[in-house]
Amino acid sequence: MARTGATLYGRAGSPSVQGVLEKMSTEQHEVDVVVVGAGFAGLYLLHRCRGLGLSAVAIEVGDDVGGTWYWNRYPGARCDIESLEYSYSFDPDLQQEWQWSERYATQPEILRYLGHVADRFDLRRDIRFGTRVTGATYDEARGRWEVATDGDASFDAQYVVMATGCLSSAMLPDIPGRDDFEGLSLHTGRWPHEPVDLTGMRVGVIGTGSSAIQSIPIIAEQADHLTVFQRTATFAVPAHNRSLDPDEIAAIKGDYDAFRDANRQANAAFGARVPLAGLTMGEMDDDDRRKALDSAWEWGGLPYVGVFTDVLLDPASNEVAAGYVRDRIDEIVTDPEVAARLKPDQVVGCKRLCVDTGYYATYNRPNVSLVDLRETPIEAIDATGIRTTAEHHDLDCIVFATGFDAMTGSILKIDVRGRDGRPLADAWEAGPRTYLGLAVAGFPNLFTVTGPGSPSVLTNMVMSIEQHVELITDTMAHLRDEGLTTIEADESAQDEWVDYVNAVAGLTLFPTCNSWYLGANVPGKTRVFMPLPGFPGYVQQCEQVVADGYRGFALT
Ligand code: NA7
C-alpha cells in the first residue's frame with residue numbers, strides 16, 4: 001500500500017517569528033470587546049454584545065465557526081451529551097426550529113448547527129477567521145487591552161474574553177522519534193478536513209480516551225489491521241445512540257423551557273429526565289442495586305456515574321459501579337486475556353467516562369490487537385512504526401488520540417500580560433487561580449468563559465457557557481450604565497475561591513487518578529483539580545456575588 005509521507009498534525013502550529021513581524025499590524029481597531037474564539041462561547045458572546053450595544057470582534061484561528069467541533073473531525077466524533085440538551089437555549093425560535101436527527105449528534109451535525117447559528121444571527125461579519133491572537137497586554141494608564149494577532153490587524157479593547165474552549169489545545173506525546181515516522185500521522189483533535197481513507201492500512205491508535213473509543217470501531221472496519229496502544233484501560237458505557245423519535249422531540253419542544261430548567265437544576269446541568277433512583281448505594285439492597293445498574297447501563301452514557309448518588313464520593317459505592325462495567329467487559333470480549341487488559345483498575349468516573357458504540361466488541365475482530373503499554377511500554381517511533389519493549393509494530397498510519405492540554409492550554413498559548421506587565425503564565429505557575437472561574441486578580445477586564453474554577457467540563461458545556469456569557473455581558477452593561485470602566489477580582493476573594501474549589505474537589509474521588517481534569521496528562525503541568533463540581537450551587541453563588549454588589553470584585 002502507498003505511503004503518503006504526510007504529517008498533518010502540524011496544521012495549526014504557531015507562525016514563525018519572522019512571519020509575525022512581516023504581518024505586524026498595519027491596522028488598529030478600537031472595540032469594546034475582543035472575543036478570542038468562535039465556538040459555542042464566542043458566537044453567543046458576539047450575539048449578546050451586539051444586543052447590548054457593545055462593539056465586539058471575535059478572533060478565530062480556524063477558517064470557520066465551531067471551535068472544538070471545527071477541529072475534531074475524526075471518524076465517529078460525537079458529543080457525549082444528548083443533542084436536545086447540548087444546544088443553545090437562549091433563543092426560543094432557534095431551539096424550536098433546529099431539528100436534531102440523533103440522540104447524540106455527530107460532529108458534522110453540530111458544526112452545521114453552529115454554522116446555522118452564525119448565519120441566523122449574522123455573526124460572521126464580526127469574526128476574523130484564520131487569525132490567531134498572539135498577545136494581550138493591559139495598558140494600565142489607559143485601562144485598555146492591546147490585543148496582537150498574527151494577521152494584519154491589532155485591537156484596542158476595553159475587555160478581552162477568552163472563549164478559547166476547554167479542549168482545544170491538542171497534545172502530542174513526546175515519544176522519541178515521533179517525527180521520524182514516514183507514514184500518515186494524525187491527531188484526532190486536528191483531523192484533516194478532506195476525507196481520510198484508511199482502507200487497507202496497518203493503523204496504530206495511541207490512547208484510549210473518548211476520541212479513541214469513538215474512532216476505534218470505525219477505523220477497525222476500514223483498516224487492514226488496527227493495533228491499539230493502551231496506557232490506561234478505560235470505562236466505556238454504551239451510548240445506545242438512535243434516531244430521534246418525532247414524538248420524543250415534540251414532547252420536549254412542547255415545553256422546552258421546563259426541560260432546560262430541570263436540567264439547570266441537575267448537578268451537571270444535563271440528564272434531568274434520566275430515571276435514576278437518587279439513592280446512595282447503602283440505601284439499596286443487593287437486588288435494587290442490580291436493577292439500578294442494569295437500568296443505568298440500558299439508559300447508557302454519562303448518567304451511569306449517577307447510578308448511586310455517592311459513586312463519586314464513596315469508594316465502596318464506586319467499586320460496585322466499576323465492577324459492573326468490568327463484568328460487562330468479560331461478557332462482551334471473547335478472549336479472556338484481552339478482556340483482562342481492557343478492565344480498568346481505577347475509580348469509575350474519575351477520568352471522564354467514555355460513551356461508546358461497539359468499543360469493547362471491536363476487540364473480538366480478527367484484525368484488531370491490543371498492546372498494553374503497562375506491560376510493554378513504547379520505546380520509540382521510527383520511520384516504519386512503533387517499537388515497544390516487546391516488538392516492532394509495522395504501521396502505515398499512526399493516530400494520536402492523546403488528548404488535550406485541557407482548560408488552560410489555549411489561554412496560556414497567548415502572551416497575556418496584566419498589571420505591571422505580569423504574564424498570566426507567572427500568575428498561574430502553581431496552577432490556574434481564578435475567582436469564580438471567570439476573572440483573574442491582576443488582570444482587570446479580562447474574562448474567561450468556563451475557565452478553571454468553574455463547573456465547565458463537569459457539566460453540559462452549553463448550559464455553562466450560556467450562564468457565563470450572560471453574566472459577563474450583563475456585567476459589562478452594568479459597568480457602562482454605572483459610568484464605571486474597570487472590574488477586577490480581589491486577590492483575597494480569588495484565594496478563598498481557589499481554596500473552596502480544592503476543598504469541594506477533595507470531598508470527591510476525582511483527585512484519585514491521573515486525569516486531564518487535574519492536568520496530570522501534561523508532563524510538567526501542576527496538578528490542580530480545575531473544574532468545580534456542582535452547577536446549581538455555582539450559579540447560586542454567582543447570583544449572590546452580583547446581588548452583593550459584585551462581592552469579591554473591585555469596580556472602578
Ligand atoms: P483523553 O481523554 O485525554 O485521552 C487521551 C488518551 O491518550 C488516554 O488514553 C491517554 O492515556 C493516552 N495517552 C496520552 N499520552 C500518551 C502517551 N504518551 N502514551 C500512551 N498513551 C498516551 O483525550 P480524548 O481526546 O480522548 O478526550 C478528551 C475529551 O474530549 C473527553 O474526555 C471528552 O470530554 C471529549 P492515559 O489515560 O493518560 O494513561
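Overview of results
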read-out	value
Counted residues, the stretch 54-97 - those being in contact (Cβ under 8 Å) with a residue 60 or more places away in the chain and part of a loop (DSSP other than H, G, I, E, B)	25
Counted residues, the stretch 519-540 - those being surrounded by 16 or more Cβ atoms within 10 Å (Cβ to Cβ) and in contact with a helix residue (DSSP H, G or I) (Cβ under 9 Å, 6 or more places away or on another chain)	12
Residue 412 vs. criteria in the same structural domain as residue 525 (by TED's automatic domain parsing), open to solvent by 20 Å² or more (accessible area, probe 1.4 Å), over 18 Å from residue 551 (Cα atoms) and touching a Pro at 6+ places or on another chain (Cβ under 6 Å)	no
Filter result (at positive phi and out of contact with any Phe, Trp or Tyr (no Cβ under 7 Å at 6 or more places or on another chain)) within the stretch 228-275	240, 271
Selection within the stretch 389-434 - of a type in the set (Val, Ile, Thr), within 16 Å of the ligand (Cβ to nearest atom) and touching a residue at least 40 places away in the same chain (Cβ under 8 Å)	398, 399, 402, 408
Residue that is farthest from residue 220 (Cα to Cα) [pool: residues in the stretch 333-357 that are under 23 Å from the mean Cα position of the chain (by Cα) and more than 12 Å from the ligand (Cβ to nearest atom)]	347
Condition broken by residue 321, with the remaining ones in (1) part of a helix (DSSP H, G or I); (2) among the small types (Gly, Ala, Ser); (3) without any contact (Cβ under 8 Å) to a residue 24 or more places away in the chain satisfied	(3)
Any pair with Cβ under 6 angstrom, 6 or more apart, that starts in the stretch 326-352 at a residue that is surrounded by 17 or more Cβ atoms within 10 Å (Cβ to Cβ) and ends at one that is assigned to a loop (DSSP other than H, G, I, E, B) and of a type in the set (Phe, Trp, Tyr)	333/363; 338/363; 344/235; 348/235
Condition met for residue 516 (in contact (Cβ under 8 Å) with a residue 24 or more places away in the chain, within 16 Å of the ligand (Cβ to nearest atom) and crowded, with 20+ Cβ neighbours inside 10 Å)	yes
Conditions (1) within 16 Å of the ligand (Cβ to nearest atom); (2) surrounded by fewer than 23 Cβ atoms within 10 Å (Cβ to Cβ); (3) more than 27 Å from residue 305 (Cβ to Cβ): number failed by residue 475	(1)
Residue match in the stretch 103-121 (condition: under 21 Å from residue 245 (Cβ atoms), assigned by TED's automatic domain parsing to the domain that holds residue 55, away from the ligand (no atom under 16 Å from the Cβ) and in a loop (DSSP other than H, G, I, E, B))	yes
Residue check, residue 128 in the same structural domain as residue 516 (by TED's automatic domain parsing), farther than 27 Å from residue 403 by Cβ and not small (Gly, Ala, Ser)	yes
Out of 22, 30, sole residue that is farther than 18 Å from residue 473 by Cβ, open to solvent by 60 Å² or more (accessible area, probe 1.4 Å) and modelled with pLDDT of 95 or more	30
Hey, residue 174 without any contact (Cβ under 8 Å) to a residue 40 or more places away in the chain and in a loop (DSSP other than H, G, I, E, B) or not	no
Filter result (open to solvent by 30 Å² or more (accessible area, probe 1.4 Å), part of a loop (DSSP other than H, G, I, E, B) and either more than 10 Å from the ligand (Cβ to nearest atom) or modelled with pLDDT of 95 or more (or both)) within the stretch 157-170	165
Verdict on residue 458 being farther than 30 Å from residue 148 by Cβ and assigned by TED's automatic domain parsing to the domain that holds residue 519	yes
Those residues of the stretch 276-288 which are under 12 Å from residue 309 (Cα atoms), open to solvent by 50 Å² or more (accessible area, probe 1.4 Å) and part of a helix (DSSP H, G or I), in sequence order	282, 283
Any hit, the stretch 229-245, residues being part of a strand (DSSP E or B) and β-branched (Val, Ile, Thr)	yes
Count of the stretch 205-259 residues which are among the aliphatic types (A, V, I, L, M), within 16 Å of the ligand (Cβ to nearest atom) and in contact with a strand residue (DSSP E or B) (Cβ under 7 Å, 6 or more places away or on another chain)	11
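The values are calculated or read from the model by the stated rules, or taken from the named source; none is laboratory data. From a predicted model like this one, the values you see are computed outputs, not experimental measurements. Every residue, glycine among them, receives a Cβ derived from its backbone with ideal geometry; neighbour counts consider all protein chains shown. All accessible areas refer to the heavy atoms of the entire protein, side chains included, with ligands and DNA or RNA removed. Shrake-Rupley method; radii C 1.70, N 1.55, O 1.52, S 1.80 Å.
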